[in-house]
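Input: a single structure, listed below in structure tokens.
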Amino acid sequence: MEGDPFPMPAVTPLAIPQDCPYPDCDRTRPFTWRRRGSYRRKCDERPVPRLQCLRCMRRFSTQTDRVDRGLRRPDLVIPLFKLFVSKVTMRQMASLFRVNLKTIAHRKKLLGRQCIEAHTYVMTTTGVRLGADAPFVFDELETFETSKIRQPLTMPVVMHGRTWFVIHAEIGTLPARRRQKDDSPREHQSNAVVRICLEKTRAITDEKCTPHFVSDRKFSYPKLLRQVFQTYAHLRISSRQARTIHNPMFPINNLFGQMRDNVSSLVRPNWAHAKKREMLGQHVWIYVAYRNYVREITRDCRTHSSASALGIMPRPLEPEELLTIRGRICLAA
Ligand SMILES: [Zn+2]
């Protein structure tokens, strides 16, 4: 490729959100605090400072808002995050760390929730507005819970075409390909979940531009776009077109390929498939947050993550920055 494919935008780093952990604290005033002693953390005996918020006068510690608060093994959180984006199965993780499979399942839930909340925090607090410089690309990935034939799922994803930033992913059920006698009917949720993705996109679309969309030729997409956007342009790509880098669908084809390769619950039929869609959702959000904020966009572009190429983060983040403070991203000073 010629030139810098991801030119450095004006970076506006987030303020370090060392804010009061109480949601009802008066955030119209600046956050000030004072030290109030310390205590020793049980898991490793390290001293933890206690603080007092001078707005609401309530006391808290640097642990209060931490994702790993109260965990007997807080040391597992970061290594597990890395394994969850590396095609390692949960059974293998349990075996590697000599812990119960339930512990791994619990950490996955914790990490998945943190990743979606941190992403939501970024989407709602950075004022990011997209659509002026590149199209939005969306598609659905088909997978399943428990049984490929009886319990298929669809996962629509919408992303920004230039930086490959994932805006939203959602999971919905599809009707069984072949129903058995005692199966209850499954809803066809494809339109509903695609619509949620489009609505999330509308929320961060630059109002001054006409958003452009790229998708395949699925017949329902034009109608859904009409329902959500007043003006837009839509490029529909034949699924028979070669899936190369020149295909406008390349960003999402690449993402789905990488997901199938790196998210153990999506790797094609094997023992690791997601047993339940909630658990698949947790896993997918761990991967999406990793792709947006931690990973470099391409192996040749070490200086930028998708989020930093958009200018909403100063650089690719360390997993600790993404995962330490509940529901937020906390940049190291
Ligand atoms: Zn407060």
**Message:** Please go through the stretch 118-147 and give me each residue that is part of a helix (DSSP H, G or I), in contact with a strand residue (DSSP E or B) (Cβ under 9 Å, 6 or more places away or on another chain) and among the aliphatic types (A, V, I, L, M), ordered by number.
**Reply:** A118, M123
**Item:** Given (1) modelled with pLDDT under 90; (2) farther than 27 Å from T298 by Cβ, index of the condition A105 fails
**Value:** (1)
**Asked** Tally time: how many residues in the stretch 58-72 are away from the ligand (no atom under 16 Å from the Cβ) and charged (D, E, K, R)?
**Response** 4
**Request:** For H106, indicate whether it is free of Cβ contacts under 8 Å to residues at least 24 places away in the same chain and not β-branched (V, I, T).
**Result:** yes
**Prompt:** Only one of these conditions is not met by C115: (1) assigned to a loop (DSSP other than H, G, I, E, B); (2) buried (at least 22 other Cβ atoms within 10 Å of the Cβ); (3) of a type outside the set (A, V, I, L, M). Which number is it?
**Reply:** (1)
**Item:** Residue selected from the stretch 23-57 under the condition more than 14 Å from the ligand (Cβ to nearest atom) and assigned to a loop (DSSP other than H, G, I, E, B), by the criterion surrounded by the most Cβ atoms within 10 Å (Cβ to Cβ)
**Value:** R41
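For every residue, the table says whether it meets (1) of a type in the set (F, W, Y); (2) surrounded by fewer than 16 Cβ atoms within 10 Å (Cβ to Cβ); (3) touching a helix residue (DSSP H, G or I) at 6+ places or on another chain (Cβ under 7 Å); (4) within 18 Å of L280 (Cβ to Cβ).
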| position | (1), (2), (3), (4) |
| --- | --- |
| K87 | no, no, yes, yes |
| F97 | yes, no, yes, no |
| T120 | no, yes, no, no |
| T124 | no, yes, no, no |
| A134 | no, no, no, no |
| V137 | no, no, yes, no |
**Request:** Kindly indicate whether any position in the stretch 73-91 is touching a strand residue (DSSP E or B) at 6+ places or on another chain (Cβ under 9 Å) and either under 28 Å from Y290 (Cα atoms) or within 16 Å of the ligand (Cβ to nearest atom) (or both).
**Result:** yes
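How many residues are touching a Cys at 6+ places or on another chain (Cβ under 9 Å), aliphatic (A, V, I, L, M) and assigned to a loop (DSSP other than H, G, I, E, B) if we restrict to the stretch 156-184? Walk me through how you get there before you give the answer.
Pass one, the stretch 156-184, residues touching a Cys at 6+ places or on another chain (Cβ under 9 Å): 156-158, 167-170.
Cutting the leftovers down to aliphatic (A, V, I, L, M) gives us 157-158, 167, 169.
Those still in the list that are assigned to a loop (DSSP other than H, G, I, E, B) too: none.
Looking only at that region, the number is 0.
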**Fill in**
Scanning the stretch 230-254 for residues that are in contact with a strand residue (DSSP E or B) (Cβ under 8 Å, 6 or more places away or on another chain) and under 24 Å from R129 (Cβ atoms) gives Y232, A233, H234, L235, P248, M249, P251, I252
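Residues are listed down the side, and each one gets a yes or a no for (1) buried (at least 18 other Cβ atoms within 10 Å of the Cβ); (2) assigned to a loop (DSSP other than H, G, I, E, B):
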| position | (1), (2) |
| --- | --- |
| R186 | no, yes |
| K223 | no, no |
| L255 | yes, no |
| M259 | yes, no |
**Message:** Which pairs turn up if I take residues in the stretch 176-194 that are touching a residue at least 12 places away in the same chain (Cβ under 8 Å) and look for partners that are among the small types (G, A, S) and not in a loop (DSSP other than H, G, I, E, B) with beta carbon separation below 9 Å, at least 6 apart in sequence or on another chain?
**Reply:** E187/G172; H188/G172; Q189/G172; S190/G172; N191/G172; A192/G172; V193/G172; V194/G172
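The values are calculated or read from the model by the stated rules, or taken from the named source; none is laboratory data. What you see is a predicted model; the values in this text were computed from it and never measured. Every residue, glycine among them, receives a Cβ derived from its backbone with ideal geometry; neighbour counts consider all protein chains shown.
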